[in-house]
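The numbers here are math on the coordinates, done by the rules we state, and not lab data. Please read all numbers here as calculations on a predicted model, not as lab measurements. Quick reminder, even Gly has a Cβ in these numbers, built from the backbone with ideal geometry, and neighbours come from all protein chains shown.
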Amino acid sequence: MRGKTHMLKKKFLKTKCKVTFELPTTLAENAETVYLVGDFNNWDERATVMEKQAVKKAGNKFSITLDLDRDKEYQYRYLINGTDWHNDWDADKYVPNPFSGDNSVVTTKQSSNGKE
């Protein structure tokens, strides 16, 4: 995984963690709409739309930054074009969901060495 950019970017503040979620470009190619759906919005499929940006030579990019409570774990998935569910390939971990698949997990716990 050397040279690979991590798509979950975290900035730790006193009481919050700013997390930037970015859809992998291979999934963004044919996407018109992308929603970030998870514990932080009660799995509301229309609550958190990701911002679409055109990137030269890379096609589309979808991203969003959320303020999440620190020291928690949040399950989430991406919903593309209202029908296709995808995990985040750069999630901190994965947990089984009740639909015979896995959910992505982001952790907002800061380790003792100051890194994620």
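Across all C-alpha atoms in the chain, the radius of gyration and Dmax reach 14.1, 40 Å.
The Ala54 and Lys9 beta-carbon pair, evaluated with R₀ = 25 Å, returns a calculated FRET efficiency of approximately 0.80.
With contacts taken as Cα pairs under 8 Å at a separation of at least 6 residues, the chain carries a relative contact order of 24 percent.
Given the -39500 (n - 2.57) contribution per DSSP H run of 4+ residues, what per-residue ellipticity at 222 nm results for the chain, rounded to the nearest 500 deg cm²/dmol? So the helix-based figure for the chain works out to -500 deg cm²/dmol. Projecting label points 7 angstrom from Cα along Cα→Cβ for Asn42 and Trp85 puts them 1.9 nm apart.
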